[in-house]
Structures are given as structure tokens and as C-alpha cells.
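The values are calculated or read from the model by the stated rules, or taken from the named source; none is laboratory data. Nothing here was measured: the structure is a model prediction, and the numbers come from that model. Backbone-built Cβ (ideal geometry, glycine too); neighbour counts: all protein chains shown.
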Amino acid sequence: MKNTYETPFNSRYASPEMQYLFSPDFKFRSWRRLWICLAESEKELGLPITDEQIEELKAHKDDINYEVAQQREKECRHDVMSHVYAYGVQCPKAKGIIHLGATSCYVGDNTDIIIMTEALKLVSGKIANILSVLRDFAEKYKNLPCLAFTHYQPAQPTTVGKRATLWMMDLLLDLKAVENQIDNMLLLGSKGTTGTQASFVELFEGDAEKIKALDRKIAEKTGFKGVLPVSGQTYTRKIDFQVLSILSGIAQSATKFSNDIRLLQHMKEIEEPFEKHQIGSSAMAYKRNPMRSERIAGLARYVICDAQNPAITAATQWFERTLDDSANRRISIAEGFLATDGILSLYLNVADGLVVYEKMIEQRLMNELPFMATENIMMDAVRERGGDRQELHEKIRVHSMEAGKQVKNGGRNDLVDRIAADPSFGMTKEQIISILKPENFIGLAPVQVEDFIKNEIDPALEKYKDQLGLKAEINV
């Protein structure tokens, strides 16, 4: 058993894939990849760098001598220069051209952009898998009427499938935001200590076109469409805010879903998965607590709050750069993604195992439907039996109040009996009951589900077809 703090993001929540993206190993491998891109680009633009030096760098891009870098950092207190030194130990022929003309942010900031972009790709894949699961759920239950709620008070019925489209709509907006962010991510490039590229002016003897080409080549070699046109030493920290704002949006969507499931589980209509030997409560053995949905809400709250970190960091940068952003960004960006990854795994796990209790849904709906059908009953009495609309409205209002009072005092809803017994309506109980068909009160809900799936969800999922079918296992 360890006797030091261990982040629950690793032990409980985030996937191995997301954990690796924010690991030291991925970061330092990315540094070496960027140093190779820089050297290759500088060589292609005429600097005296040899193929032999490039090949030496490539030969050692993955076998990082961490112990050398760690020892060197103890001496020089600079992580980038420690790794430049360690790389040079392995590559004596290329030692003199590693990091040529660059500043620390060349590897630091460009790697951050690379990591966030790859992390966003993981996020988009998980959202697509959740949408795929919810798509099938909505299709299956598009015709199943259920009681809808406004203000958490019974309202005009909807269907279980239509309700699922509300969760999907939020996620679809999130997916589009993620995709847009990925498509528009730009590298810092090689901008120098204050963003003026002065060191490269020296290297390329004032040839501005070659300096511009250097940035383009680095972007191309790393798979990005370009670099920021201007910057200080660092890329603008508004990018971090944009990214974490998207994660916050995902957390908001997940919270809405998890809250709905928690409420539905309380009403015994829909439950999240519950394992055969799972314990809901240490004291109350009968309980089936919605702990996965609760965990979604808890992690989502963290992500929503975490998005304030890059907002404040972006707002408080001084001139071309300060270093008060560094420690905060190491935590807030990584943990924002790790938490979001955990949220999406839980969301997928819950959505893929939802248990629907159709009889309970029907029972609750039928208990309330007579109240919602009063307008239809009244119009039928007027149209078919010549009743007075104003007189019937008052009578049905009184009957509804009395029936509602009886329900609230533990009795059954006898509104149908009351109306049938009132000669003013001229309707038998059977005639009234014939009106109380749930499918008559759900409007276009089934059609909306079909149209939404066909026109929005299926096209959005097409690009992810090779990634679908993911199963999310939760640790605890």
C-alpha cells in the first residue's frame, strides 16, 4: 500500500489512453519529435545540418535516457536544457544542432498543442460512442409514452425515446465544438524568446521568407494546418480557455443526463446498471443507489469549475510572457482532460446499460393522464353532445381539484368516475377511457426521434464508424 498521495484520476477515473497522453513519456517523445522537425526544416532551408545528424536524432527519438536528464536537471534546474543535454549525450554528432535557434516554448508550447489535440480526438471518439448507444436507445423507445415534466411537475406526455434525444442534442453540440476546435488548432511554431523570431533572423541571415517557411514546414511535419500568425514567447493562453470551455460544455451535458437518470431511478422508471454483487449502502442493504450517475455529476462539477483556471491565466498574462501560468497549466489542463475522460467512460457505461421499467412508466403516466385529457374530454362533450363549453369548463375544473386532492391524500385518481357520473357531460366511463390513449397525447415525438436520427445523428456518426462499439469498464 502506497503511503503518498495518488491522484484518483489515474487509479479510478481516466482511461489508460488519456493517462498516457499526459504522461512524461509522451511529452518528452513529442519534444524529440519536434527537435527532429526543426532540424529537418532548417536543413531543407539551407542551414549546415547533415543527413547523418538527422538520422542520429531519429535513431534515438524513442529510447530516452531519462536518468541522464534527471541528473542534469538537478544541476541546471531547467527541464528543457536537461533534455537537450541528454539527447546530445546519445547523439554526439547532432549535439550542436539540437534546439538550434529555439527557445523552451518551442518544445513546451508546441507539445501542449499536440497533446490537447490528441486528447480532443479521444474525447470526440467517446462522445460518438455515447451518441451511438443513445441513438439505438432512442430508436427502441421512440413510441413508448411517458410522463414529461416541466418544473418537475407532471406535464404533457413525451416518449422515452424523445427524452433521450434531448441528451443527444447536447452531446451533438459538444461533438461539433470538439471537431471545430481540432480543425482549428494551430501550433506556436518557432517564434523565439519574445515572438519576433530574432534568433532565426540571425541564423538565416535576414531571409524572412525562409523564416516563414520554417514555421510552415514544422506545422506540416507535425500534421497541423499552420501556426499562429503572431505570438509572444508563448501561444495565447486563450487557446487553453477555449479547449477547457469545450470540456466544461461536455461536463454540463453529462450532468444533465446524470441528473435525469437519478430522478428517473428515484421514480423507478429507468435505472443505471447495477452489478449482481454491488452494494448500494453499508447500512441499507436493499438500496440501489445511482452511484455512477452521481460520480458523473461530481466529476463534471470539477471540470466546470476547472475551466475558470485558464480564463484567469489568459487574463493575467503580462506582455510577451510570464511564468505564473506554468504550474497552474500543468494541473488544470491535464486534470480537465482526465476528469472529462472519466465522465465520458461513466456516461457510456450507464447509457449502454440502462434498464427501462415499462409498467412503472405506464402506471405513472395513467395516474396523471386524466388531468391532461380534460381538454379533450370537454371538447368531445361539446362537439358530440352539444354541451356548453363554459359550463363544462367550470365543472371539470371542480372535478379536477377534488380528484387531485384525493390523490394527494393517498387515494386513487377518480376523475374519470366523477366526469362519467356528471350528466352535464353525457359520457360513459368507457367513452371517456377511449379518449385516454397515451399515443394520442405525445404529438410528433416518434417522428422527431426518427428525423433527428436520420438527419443529424447518423451523418455525424459516419466519420466515426470504425471507432464505434467501444465498451467502457469502470474501476469501482
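Name the pairs whose Cβ atoms lie under 9 Å apart, with the first residue in region 55-84 and on the phi < 0 side of the Ramachandran plot, the second charged (D, E, K, R) and surrounded by fewer than 13 Cβ atoms within 10 Å (Cβ to Cβ), and 6 or more positions between them or separate chains?
64/25; 66/25; 82/74; 82/75
Can you tell which of 36, 49 is among the β-branched types (Val, Ile, Thr) and either in a helix (DSSP H, G or I) or under 30 Å from residue 341 (Cα atoms) (or both)? Walk me through how you get there before you give the answer.
Details: 49 fails: either in a helix (DSSP H, G or I) or under 30 Å from residue 341 (Cα atoms) (or both).
Answer to the check: 36.
Consider region 185-212. How many of its residues are surrounded by fewer than 19 Cβ atoms within 10 Å (Cβ to Cβ), part of a loop (DSSP other than H, G, I, E, B) and without any contact (Cβ under 8 Å) to a residue 24 or more places away in the chain?
Looking only at that region, the number is 4.
Applying the selection to region 218-242, what residues are farther than 19 Å from residue 315 by Cβ and either among the aromatic types (Phe, Trp, Tyr) or at pLDDT below 95 (or both)?
224
Please count how many residues of region 256-266 are touching a strand residue (DSSP E or B) at 6+ places or on another chain (Cβ under 9 Å) and surrounded by 16 or more Cβ atoms within 10 Å (Cβ to Cβ). I'd like the intermediate steps shown before the answer.
Narrowing region 256-266 to residues touching a strand residue (DSSP E or B) at 6+ places or on another chain (Cβ under 9 Å): 260-261, 263-265.
Cutting the leftovers down to surrounded by 16 or more Cβ atoms within 10 Å (Cβ to Cβ) gives us 260-261, 264-265.
The number of residues fulfilling the criteria is 4.
For region 138-180, enumerate the residues that are polar (S, T, N, Q), more than 11 Å from residue 442 (Cα to Cα) and either touching a Leu at 6+ places or on another chain (Cβ under 6 Å) or surrounded by fewer than 19 Cβ atoms within 10 Å (Cβ to Cβ) (or both).
Initial filter on region 138-180 (polar (S, T, N, Q)): 143, 150, 153, 156, 158-159, 165, 180.
Imposing the further condition that a residue be more than 11 Å from residue 442 (Cα to Cα) reduces the set to 150, 153, 165, 180.
Once the filter is applied, which keeps residues that are polar (S, T, N, Q), more than 11 Å from residue 442 (Cα to Cα) and either touching a Leu at 6+ places or on another chain (Cβ under 6 Å) or surrounded by fewer than 19 Cβ atoms within 10 Å (Cβ to Cβ) (or both), region 138-180 yields 150, 153, 180.
With the structure loaded, tell me whether residue 419 is touching an Asp or Glu at 6+ places or on another chain (Cβ under 7 Å), hydrophobic (A, V, I, L, M, F, W, C) and either over 21 Å from residue 166 (Cβ atoms) or outside any loop (DSSP other than H, G, I, E, B) (or both) or whether it fails that test.
Details: touching an Asp or Glu at 6+ places or on another chain (Cβ under 7 Å): no; hydrophobic (A, V, I, L, M, F, W, C): yes; either over 21 Å from residue 166 (Cβ atoms) or outside any loop (DSSP other than H, G, I, E, B) (or both): yes.
So residue 419 does not fit the description; no.
Keeping to region 432-448, report how many residues are out of contact with any strand residue (DSSP E or B) (no Cβ under 7 Å at 6 or more places or on another chain) and in contact (Cβ under 8 Å) with a residue 40 or more places away in the chain. Write out each step before concluding.
Initial filter on region 432-448 (out of contact with any strand residue (DSSP E or B) (no Cβ under 7 Å at 6 or more places or on another chain)): 432-437, 440, 443-444, 447-448.
Adding the requirement that they be in contact (Cβ under 8 Å) with a residue 40 or more places away in the chain leaves 432, 435-436, 440, 443, 448.
Final tally of qualifying residues: 6.
What are the residues in region 432-448 that are within 23 Å of residue 363 (Cβ to Cβ) and in a helix (DSSP H, G or I), if any? Can you show your working first?
Step one: filter region 432-448 for residues within 23 Å of residue 363 (Cβ to Cβ), giving 432-443, 445-446.
432, 433, 434, 435, 438, 439, 440, 441, 445, 446, listed by residue number.
Which one of these does residue 68 not meet: (1) over 25 Å from residue 199 (Cα atoms); (2) under 38 Å from the mean Cα position of the chain (by Cα); (3) of a type in the set (A, V, I, L, M)?
Tallying (1) over 25 Å from residue 199 (Cα atoms); (2) under 38 Å from the mean Cα position of the chain (by Cα); (3) of a type in the set (A, V, I, L, M), residue 68 fails exactly one: (2).
Take the residues in region 311-340 that are of a type outside the set (D, E, K, R), surrounded by 20 or more Cβ atoms within 10 Å (Cβ to Cβ) and within 24 Å of residue 6 (Cα to Cα); name whichever of them is nearest to the chain's Cα centre (by Cα).
Of the residues in region 311-340, the ones of a type outside the set (D, E, K, R) are 311-319, 322-323, 326-328, 331-334, 336-340.
After this cut, where a residue has to be surrounded by 20 or more Cβ atoms within 10 Å (Cβ to Cβ) as well, the list is 313, 332-334, 336-340.
Of the ones still in play, those that are also within 24 Å of residue 6 (Cα to Cα) are 332-334, 336-340.
Details: 332: 16, 333: 14, 334: 15, 336: 11, 337: 9, 338: 11, 339: 10, 340: 6 Å.
For region 311-340, the residue satisfying everything is 340.
Quick one: how many residues across region 213-240 are surrounded by fewer than 20 Cβ atoms within 10 Å (Cβ to Cβ) and of a type in the set (Phe, Trp, Tyr)?
1
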